[in-house]
Amino acid sequence: MLSSKESTDEQLLELLKRSDEGAFAQLFERYKHRIFGYAYKWTKSNLNAEEITQDTFVSLWIKRNELPDIKNISAYIYKIAANKTYDFLRSEKAKDLMIQKFVASKFKPAIVESSENIYLVKEKEQMVNHAVEQLSFQKQRIYHLNTIEAKSPKEIARELNLTPSTVRTHLSNILEHIKNYLQAAQLLFIIELIRYFK
């Protein structure tokens, strides 16, 4: 298997045609942010953009037997994403979301959430908690003081007898750890889905 630095789209396409999961994972890493950005541009929702991104790559795997006729994998991925986004915008979910945003803008204290969005938010919160549990005790304490108690780096530094710059470094490392954990979890979720569709 070629490394991600060496692999071109054309090489990954040829491997994907043979149901190579490694090639699929590389394509996912290469295009996930672009597809998310495209979906977010239209949906204005992180949750729905993530859902469209996942659906796009699951569809790519399911349709891998159609790939012999495909020459440009990038254009093909964007086409799937465009279709998924269009389907979303025509769906009842999108209409509900627009109503929710309208109500929230008119009555800010009464923010309306669909049960599905609430579930997705809670699911992500749980994943963040799992990521935080992997941190050292000190970093967990810093995370709690910053995110739960809303304390500034200077306040945390005074409480823990650290320098503000040390606290800022810890916070940066904590956020990077959480981001990497969530990205890995998302990829594992999609890998499990494509194995289901084998």
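Data overview
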| read-out | value |
| --- | --- |
| Residues of segment 22-48 classified as over 15 Å from Ile77 (Cβ atoms) and of a type in the set (A, V, I, L, M), total | 1 |
| Residue ranges of helices (runs of 4 or more DSSP H) in segment 32-106 with at least 2 members modelled with pLDDT under 85 | 73-90, 92-106 |
| Scan of segment 135-181 for residues that are within 29 Å of Val58 (Cα to Cα) and surrounded by fewer than 16 Cβ atoms within 10 Å (Cβ to Cβ), ordered by number | Leu175, Glu176, Lys179, Asn180 |
| Residue check, Leu2 surrounded by fewer than 16 Cβ atoms within 10 Å (Cβ to Cβ) and modelled with pLDDT under 90 | yes |
| Single residue of segment 33-69 satisfying the filter (within 12 Å of Ile80 (Cα to Cα) and touching a residue at least 60 places away in the same chain (Cβ under 8 Å)) that is surrounded by the fewest Cβ atoms within 10 Å (Cβ to Cβ) | Ile62 |
| Cβ pairs under 7 Å, 6+ apart, first in segment 138-149 and among the polar types (S, T, N, Q), second at pLDDT 85 or above | Gln140/Val132; Asn146/Ile156; Asn146/Leu171 |
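The values are calculated or read from the model by the stated rules, or taken from the named source; none is laboratory data. Quantities reported herein were computed from a predicted structural model and do not represent experimental measurements. For neighbour counting, all protein chains shown are included, and Cβ atoms are generated from backbone atoms with ideal geometry for every residue, glycine included.
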